[in-house]
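Remarks on the structure that follows.
The values are calculated or read from the model by the stated rules, or taken from the named source; none is laboratory data. Please read these numbers as outputs of a predicted model, since none were measured by experiment. Please note: Cβ atoms are built from the backbone with ideal geometry, for glycine as well, and neighbour counts cover all protein chains shown.
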Amino acid sequence: MAARPTAKRSPRRDDGGEHPSGDPRFKLIDRTLKRFQYQQDALIEVLHTAQEAFGFLEEDLLIYVARQLKLPLSWVYGVATFYHFFSLKPQGEHTCIVCMGTACYVKRAAEIVASLQAEFGVEPGQTTPDGKLSVATARCLGSCGLAPVIVVDGEVLGRETPETTLSRLKALLDTSQPEPMAG
Amino acid sequence: MNRADLENMAQREQERQQGFRCRLLCCASTPCLSSGGTAVADALQDEIARRELNAEVQVVSTGCMGPCSRGPVVTVQRQGEPDLLYENVTPDAARRIVQQHVQGGEPVQEHLLPLDIPFFTKQHKVVLSNSGLIDPERLEDYVARGGYSALAFALREMTPEEVCAEIIRSGLRGRGGAGYPTGLKWDLVRKAPGARKFVVANGDEGDPGAYMDRTLMESDPHRVLEGMAIAGYAVGAEQGYIYVRGEYPIAAKRLERAIRAAERRGLLGSRILDSNFNFRIDVRIGAGAFVCGEETALMASIMGRRGQPVPRPPYPAQRGLWGMPTLINNVETLGNVAPIITHGADWFAGIGTEKSKGTKIFALAGKVATTGLIEVPMGITLREIVFDIGGGIPDGGTFKAAQTGGPSGGCIPAQFLDTPVDYESLRALGSIMGSGGLIVMDDRSCMVDVAKFFMEFCMDESCGKCVPCRVGTVEMYELLRRITDGSATPADLATLEELCVMVQETSLCGLGQSAPNPVLSTLRYFRDEYEAHIRERRCPAGVCSLDQVPVLEWPDRLHAQALAGNGSISGEVN
Ligand SMILES: Cc1cc2nc3c(=O)[nH]c(=O)nc-3n(C[C@H](O)[C@H](O)[C@H](O)COP(=O)(O)O)c2cc1C
Ligand code: SF4
Ligand code: SF4
Ligand code: FES
Ligand code: FES
């Protein structure tokens, strides 16, 4: 992961920021780049946009962002890996985030994680081999009054037990059709 | 817009609201929404439309009202009558509320939550005074309750020096953890030489189990923005940043909207309220790193870098963002600013204790009957919070400890329930006020496991820059893990204690320096639980499984003697 492409491939940034692949999602990144006038300080904002558009930060994206901001790739990589929010691996079709904050911990959120591990064979941070389900943990989702809290595909659910979580997820995975890949 | 326009706007909005015979305020904060709040609001709207009451009855989506575990909650305001609050509202109950209560009949008794219970009467809402009463997405709602008049007053009637003096006199201290006097910090930044200066609102709120800042940003975003603008005027800054945790997308979105609305009306931006003061605010979204709440790391993150702390001094007040003097305050601290300017420093200093003025918001969670967000005067006792406001321990459990201050804090045992909650008293007990997470634990919580939980947190969140923290937290976690799985020896406990002191004294930033606190405070009050795990291989709370066998590093004979010295095991080792 050296700063391989930065120096050679981008002599100047006068290409208007267009990505050669023509993938329209790069337009979103370009818009953010322009909004911040290609300032290097905007790196995190740009990575947020990139992850929103693509779902995760593939190497190609990091290279593109590094070139546009004239930063060494190692720098961009260092920032992307420092923050938990950025993911360098693709996410599953569905996601289940279990809150492991203090309030949820006191209400035994660990048992929910254990049950997910037992049922789907995934540790937090992993995706099932069929790419259907990603499991993650979070540090307090700010709904502590309803602990333990989980988030399934963006929906916050409170007062969960291992049983309710499992049945919810099983129902979700059963009904989900084998769709064409998003994007 | 000038001051007169502001007053006009407030008046027009008040009249508009009085034009409704009845207003239904629905909590639309995350906890209530996740217990079915959306369906309730829809049911209310449907029923009102069905009965063609749209002109006389208004449904408003508000921020959090406090008793989150009893959500979804709905407040009914009828002209000329005191407000009534409904709890656990179902769509069905919502329809009945419209049919009966709104139409002039009796309230729907089963869902009524009386407002004269200690949960409400013991609270004192200063920062949250609008939360749950206004639509956070409408500037007019905020202005109608006196919003931006403190900014207008400060700009016209006060010099920056006077604003700082007022905040100093109020005795306000930082709500982000350390409790540094806010006015003094403002004055330092005001006096610091610099071509440009910045104001940063710290909305990172990394402490697990705490959600005060999120609620304030979501429920009353303009309150924070007004506080920032007043701070900007006081210190001479023209640019502010509000750093919002990545996990709080709704808060970020509402703040963005609020900023745009305020800019459109000339309440932010250039020549604010026809004065010579310019102030812009930008939102920065965090990316999930606890250490970014630390002020130097936060600044690095705003500048797009890895959020790793640097040694202080120089303090941000001298050299902050891009090397310029920077004021960093917690979101809740800034939420106190407008009321202080409006009501005066003396009014504020009249609330709370001698050294801790004003109120504090706590996120009351864990094993209490009513969990939620509360704002109480400083100096209230823990007992009042847990038993009066929170309604005590459910399911017949007994109170064991209250954890305050998150991973930097500690546990307070039952014998100190009557301690007043203020900065000094909590510190004397080996805990801290912290940002305001207050987790109640009953006799089914194992304190060693709690310490392990926080150590795992610190280990994961250590930024890795300095060795004592990076390696020390891993070592301490490993020792705690051994204690909870039964494989620890008495020597391990001694090592753990030594490590605590070492990590505390040699780490670079607050994360490492305070990481041992939960261990030290549980050792201080619950040492017998540690000993029971190690010597009797028993978890008094029944949480740990203790299925590992100790790996003895000493000859068996010596180990047996050591154990016998304690008297709990009679010399035999398996
Ligand atoms: C590891 C660590 C995490 C912190 N997290 C936060 C936080 O999430 N929110 C916050 O306001 N302050 C946090 N602080 C404290 C800030 O560094 C800073 O003192 C505070 O924002 C100052 O604001 P105040 O004077 O208004 O309290 C943290 C400190 C440390 C050492
Ligand atoms: S010591 Fe390790 S972590 Fe630190 S910069 Fe070098 S490679 Fe990175
Ligand atoms: S104490 Fe921990 S978090 Fe702070 S700088 Fe050192 S390694 Fe990073
Ligand atoms: S601890 Fe889980 S939501 Fe706060
Ligand atoms: S979220 Fe509705 S009362 Fe707190």
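Kindly indicate whether any position in segment B:336-347 is touching a strand residue (DSSP E or B) at 6+ places or on another chain (Cβ under 7 Å) and either more than 12 Å from every other protein chain (Cβ to nearest Cβ) or within 16 Å of ligand 4 (Cβ to nearest atom) (or both). So that I can check it myself, show each step before the final result.
Narrowing segment B:336-347 to residues touching a strand residue (DSSP E or B) at 6+ places or on another chain (Cβ under 7 Å): none.
Scanning segment B:336-347, I find no residue that is touching a strand residue (DSSP E or B) at 6+ places or on another chain (Cβ under 7 Å) and either more than 12 Å from every other protein chain (Cβ to nearest Cβ) or within 16 Å of ligand 4 (Cβ to nearest atom) (or both), so the answer is no.
Restricting to segment A:130-160, name every residue that is within 16 Å of ligand 1 (Cβ to nearest atom) and either surrounded by fewer than 16 Cβ atoms within 10 Å (Cβ to Cβ) or aliphatic (A, V, I, L, M) (or both).
Within segment A:130-160, A:Ala138, A:Leu141 qualify.
Taking B:Pro518, is it within 16 Å of ligand 1 (Cβ to nearest atom) and touching a strand residue (DSSP E or B) at 6+ places or on another chain (Cβ under 8 Å)? If you could, list the steps in order and put the result at the bottom.
Details: within 16 Å of ligand 1 (Cβ to nearest atom): yes; touching a strand residue (DSSP E or B) at 6+ places or on another chain (Cβ under 8 Å): yes.
For B:Pro518, the condition - within 16 Å of ligand 1 (Cβ to nearest atom) and touching a strand residue (DSSP E or B) at 6+ places or on another chain (Cβ under 8 Å) - is met.
Test of understanding: among A:Thr127, A:Thr102, which residue is more than 14 Å from chain B (Cβ to nearest Cβ) and surrounded by 16 or more Cβ atoms within 10 Å (Cβ to Cβ)?
Details: A:Thr102 fails: more than 14 Å from chain B (Cβ to nearest Cβ).
Going through A:Thr127, A:Thr102 in turn, just one is more than 14 Å from chain B (Cβ to nearest Cβ) and surrounded by 16 or more Cβ atoms within 10 Å (Cβ to Cβ): A:Thr127.
Filter segment B:463-502 for residues that are among the β-branched types (Val, Ile, Thr), free of Cβ contacts under 8 Å to residues at least 40 places away in the same chain and under 26 Å from B:Ala287 (Cβ atoms) and give the result. Before you say what the answer is, go through the steps one by one.
Taking segment B:463-502 and keeping what is among the β-branched types (Val, Ile, Thr), we get B:467, B:471, B:473-474, B:483-484, B:489, B:495, B:501.
Adding the requirement that they be free of Cβ contacts under 8 Å to residues at least 40 places away in the same chain leaves B:467, B:471, B:474, B:495, B:501.
Hits for segment B:463-502 are B:Val467, B:Val471, B:Val474.
Got at least one residue in segment B:255-278 being under 28 Å from B:Gly510 (Cα atoms) and acidic (Asp, Glu)?
Our first condition is that a residue be under 28 Å from B:Gly510 (Cα atoms); within segment B:255-278, this holds for none.
No, segment B:255-278 contains no residue that is under 28 Å from B:Gly510 (Cα atoms) and acidic (Asp, Glu).
I need the strands (runs of 3 or more DSSP E) fully contained in segment B:22-130, keeping only those with at least 2 residues that are within 16 Å of ligand 3 (Cβ to nearest atom) and at positive phi.
Numbers: elements: B:22-27, B:57-62, B:74-78, B:84-86.
By residue number, no strands (runs of 3 or more DSSP E) qualify.
If we scan segment B:314-337, do we find a residue that is at pLDDT below 95, at negative phi, within 16 Å of ligand 3 (Cβ to nearest atom) and of a type in the set (S, T, N, Q)?
no
It is to be established whether one or more residues within segment B:268-286 are assigned to a helix (DSSP H, G or I) and farther than 25 Å from B:Ile168 by Cβ. Steps first, answer last, please.
If we filter segment B:268-286 for residues that are assigned to a helix (DSSP H, G or I), which is where we start, we get B:272-274.
Next, from what is left, pick out any that are farther than 25 Å from B:Ile168 by Cβ: B:274.
Scanning segment B:268-286, I find at least one residue that is assigned to a helix (DSSP H, G or I) and farther than 25 Å from B:Ile168 by Cβ, so the answer is yes.
In segment A:60-94, what residues are touching a residue at least 24 places away in the same chain (Cβ under 8 Å) and either closer than 26 Å to A:Leu169 by Cα or among the charged types (D, E, K, R) (or both)?
A:Arg67, A:Lys70, A:Phe85, A:Phe86, A:Ser87, A:Leu88, A:Lys89, A:Pro90, A:Gln91, A:Gly92, A:Glu93, A:His94 - these are the residues of segment A:60-94 that are touching a residue at least 24 places away in the same chain (Cβ under 8 Å) and either closer than 26 Å to A:Leu169 by Cα or among the charged types (D, E, K, R) (or both).
Could you list all residues from segment B:359-388 that are in contact with a Lys or Arg (Cβ under 7 Å, 6 or more places away or on another chain) and within 13 Å of chain A (Cβ to nearest Cβ)?
Correct list: B:Thr370 only.
Being within 16 Å of ligand 5 (Cβ to nearest atom) and in contact with a Pro (Cβ under 6 Å, 6 or more places away or on another chain) narrows it down to one residue among A:Cys140, A:Cys144; which is it? Spell out the reasoning first.
On the way: A:Cys144 fails: in contact with a Pro (Cβ under 6 Å, 6 or more places away or on another chain).
Criteria check complete, one pass: A:Cys140.
Which members of segment A:46-69 meet the condition of being within 13 Å of chain B (Cβ to nearest Cβ) and part of a loop (DSSP other than H, G, I, E, B)?
A:Leu57
Looking at segment B:454-470, which of the residues that are under 21 Å from A:Arg108 (Cβ atoms) and buried (at least 22 other Cβ atoms within 10 Å of the Cβ) is farthest from ligand 4 (Cβ to nearest atom)?
Among residues in segment B:454-470 that are under 21 Å from A:Arg108 (Cβ atoms) and buried (at least 22 other Cβ atoms within 10 Å of the Cβ), the one farthest from ligand 4 (Cβ to nearest atom) is B:Met455.
List, please: which pairs have Cβ atoms under 7 Å, are six or more places apart or on different chains, and start with a residue in segment B:295-306 that is more than 10 Å from chain A (Cβ to nearest Cβ) and end with one that is in a helix (DSSP H, G or I)?
Cβ pairs passing all conditions: B:Ala297/B:Val291; B:Leu298/B:Cys292; B:Met299/B:Leu321.
Any chance segment B:290-305 includes a residue that's part of a loop (DSSP other than H, G, I, E, B), within 25 Å of A:Thr32 (Cβ to Cβ) and within 16 Å of ligand 3 (Cβ to nearest atom)?
To start, the set of residues in segment B:290-305 that are part of a loop (DSSP other than H, G, I, E, B) comprises B:294, B:303-305.
Imposing the further condition that a residue be within 25 Å of A:Thr32 (Cβ to Cβ) reduces the set to B:303-305.
Retained after the next criterion (residues that are within 16 Å of ligand 3 (Cβ to nearest atom)): B:305.
Yes: segment B:290-305 contains one or more residues that are part of a loop (DSSP other than H, G, I, E, B), within 25 Å of A:Thr32 (Cβ to Cβ) and within 16 Å of ligand 3 (Cβ to nearest atom).
Would you confirm whether or not segment B:147-167 contains a residue that is within 16 Å of ligand 1 (Cβ to nearest atom), without any contact (Cβ under 8 Å) to a residue 60 or more places away in the chain and not assigned by TED's automatic domain parsing to the domain that holds B:Ile439?
No, segment B:147-167 contains no residue that is within 16 Å of ligand 1 (Cβ to nearest atom), without any contact (Cβ under 8 Å) to a residue 60 or more places away in the chain and not assigned by TED's automatic domain parsing to the domain that holds B:Ile439.
Show me the helices (runs of 4 or more DSSP H) entirely contained within segment B:423-525 in which 1 or more residues are under 27 Å from B:Pro309 (Cα atoms) and within 19 Å of the chain's Cα centre (by Cα).
Working: elements: B:423-428, B:447-461, B:467-485, B:490-506, B:510-514.
Of the helices (runs of 4 or more DSSP H) lying wholly inside segment B:423-525, those with at least 1 residues that are under 27 Å from B:Pro309 (Cα atoms) and within 19 Å of the chain's Cα centre (by Cα) span B:423-428, B:447-461, B:510-514.
Sort out for me the helices (runs of 4 or more DSSP H) sitting completely within segment B:146-254 that have 3 or more residues that are touching a strand residue (DSSP E or B) at 6+ places or on another chain (Cβ under 7 Å), at pLDDT 95 or above and away from every other protein chain (no Cβ under 14 Å). Walk me through how you get there before you give the answer.
On the way: elements: B:149-157, B:160-170, B:182-191, B:212-219, B:221-235.
Filter on segment B:146-254 gives B:182-191, B:221-235.
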